[in-house]
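The numbers here are math on the coordinates, done by the rules we state, and not lab data. Remember, predicted model here, so these are calculated numbers, not experimental data. A quick note on method: Cβ atoms are made from the backbone with ideal geometry, for glycine too, and the neighbour counts reach across all protein chains shown.
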Amino acid sequence: MPLPEPGTVSFLPALIAHLHDQATLHTWNFDPTLLSVILIALIVRRGGLIIDVVRGDSDTRSRQRVDSVVNVVSALTETIFGRITHHARFSSTTEPENVPRLILCDLIGQNAGDGASGPSSTASRHPSHVPDIHRHPHSESPASPPLAATKLTHPKHHDLVLPEILIVSGLERAPSPAQIKLISTLSTSCVQLDGRTYVPPQPTGWITIWIRDAQGPELPSWVVDQFSCSTTVHPESLDPPPSGLTRQPLIPPAYIHNLSDLLPYTHLHPPLQIHISNLFSALSLHSRLRTVLTARAVLTFPDLVRAHRLLSAPFSLPSSWEEGLRRGRSVDGGEEAKRFGLGGGRGGVDTWGMRAGEEPDVRSLRGSHTRDEKAGQGLGEEDGEDWYAGLGDVHGAWGIGLRHRVRWRNEGDGVMWLLKQSAGDVSLRGQIERGKLKGKQRDIDQILEETLLTV
């Protein structure tokens, strides 16, 4: 069963059916919702993904529950998306100078220790439900064997790479200097270590997935703002990955790259853009909510809406749409981009419309031979037709795009905010344990839902 072409009817169910049809995944009942959110994050590529791990009131095994989710997510990103995945575990003792080595992936060291023939992730090397923490090359766990720590603390520089998927856990309990160092690294997209510079692999780049305890401490807004979307999981509902999984891009990077390139061709009507603006205003002006609605959030949310539209409803593409996308990439980058002012070069005339906010037409994806044949003729269904996002797509992206950007404001601060419009954050009192406000998360979700219904 081949991968479904973008725009086909029931695209996402067909994609999941294609995965279930693979022999290596026959015995794994992976969570389609979690897979879909990771796919949207890979398509949008405007920040990382937060996965909140929910635990019961009397459950104190937060680390074990987070580790089990790390194992599942690693298996998804390695086995299904074929991405080099690395898990960096932060703790309350993580020093900022250790962050670069913590997030770099020592592929050769891992393979030599495992006897594997190629790069492998936490999931593929440790298929049990809870991963073996002794095998994480940069784990700060005191239980790590001294021999392994000695072997992997000083790897050869040519063995180190930046992973395509960086899974982070424990960040909510790390000291502020370590958080600042990580966010600085994510912002610059490069790591400096011992005089060497490590950059993300091209063309896939890298993305960070923060798997956190849902009842852990709150973090400052400048940390949360680095992540474009979020979701919530219950570890007991996740099926652990089977043994013997290997890295194989069942959904190749080029396939996801095509979906990313189709985002600009997904249009938002001006009334829908105004509706999104009104929704943001309603949230930011709510007296019981503290929000992190930054410029990054404003720019990212429409792309989340577009990504939801790509996955949830059919649309028509020209027969030679892939050729058109490749032609567009040559305008945006590559050798052509080095030619200042010419064609698609930096500042070139071919880029003026795009830089001015012009939205591309899907018919521009027709191949050159098709355009010649159609010159002076009417356009048919095979030439493609523009598609638009709707209210349903806004609703679909609403929770994953904004839930992590909204916090509860207690009643006293709500009154002060109504009076002065500025006292919203005075009650943080350091880092509040979100477990104390667990019941308020339901209120936040209810407000988010009511905002969608009333605006």
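Could you list Glu172, Glu450 so that the one with the fewest beta carbons within 10 Å of its beta carbon is first and the one with the most is last?
In increasing order of surrounding Cβ atoms, one gets Glu450, Glu172.
With θ set to phi - 60°, apply the Karplus curve 6.51 cos²θ - 1.76 cosθ + 1.60 along region 249-257 and write out the HN-Hα couplings as whole Hz, x wherever there is a Gly or Pro.
For region 249-257, the Karplus curve yields x, 5, 10, x, x, 5, 5, 5, 4 Hz.
Run the simple label-point estimate for Asp361 and Ser260 please: 7 Å along Cα→C-beta, distance reported in nm.
My value for the distance between the label points is 2.8 nm.
What are the residues whose amide H is under 5 Å from the amide H of Ser316, where those residues sit 5 or more places off or on another chain and H is modelled from the backbone?
Glu385
So for the pair Arg326, Ile180, with labels modelled 7 Å out along Cα→Cβ, what separation do we get in nm?
It is 4.8 nm.
Please order Leu268, Leu317 by the number of other Cβ within 10 Å, starting at the fewest.
Going from sparsest to densest Cβ surroundings: Leu268, Leu317.
First measure r as the distance between the Cβ atoms of Leu452 and Ala17, then evaluate 1/(1 + (r/R0)^6) with R0 = 41 Å and state the FRET efficiency to the nearest 0.05.
Here the calculated transfer efficiency is 0.85.
From the phi of every residue in region 162-168, what ³J(HN,Hα) in whole Hz does the Karplus formula 6.51 cos²θ - 1.76 cosθ + 1.60 yield, where θ is phi - 60° and glycine or proline is x?
Going residue by residue, I get 7, x, 7, 10, 9, 9, 10 Hz, with x marking Gly and Pro.
Counting other C-beta atoms within 10 Å, which of Leu325, Leu402 has the fewest, and how do the rest follow?
Least crowded to most crowded, the residues run Leu325, Leu402.
With a 10 Å radius around each residue's Cβ, average the other Cβ atoms per peptide and rank 30-37, 87-94, highest first.
The most tightly packed comes first, giving 87-94, 30-37.
What's the ranking of 243-254, 299-310 by average number of surrounding C-beta atoms within 10 Å, highest first?
299-310, 243-254
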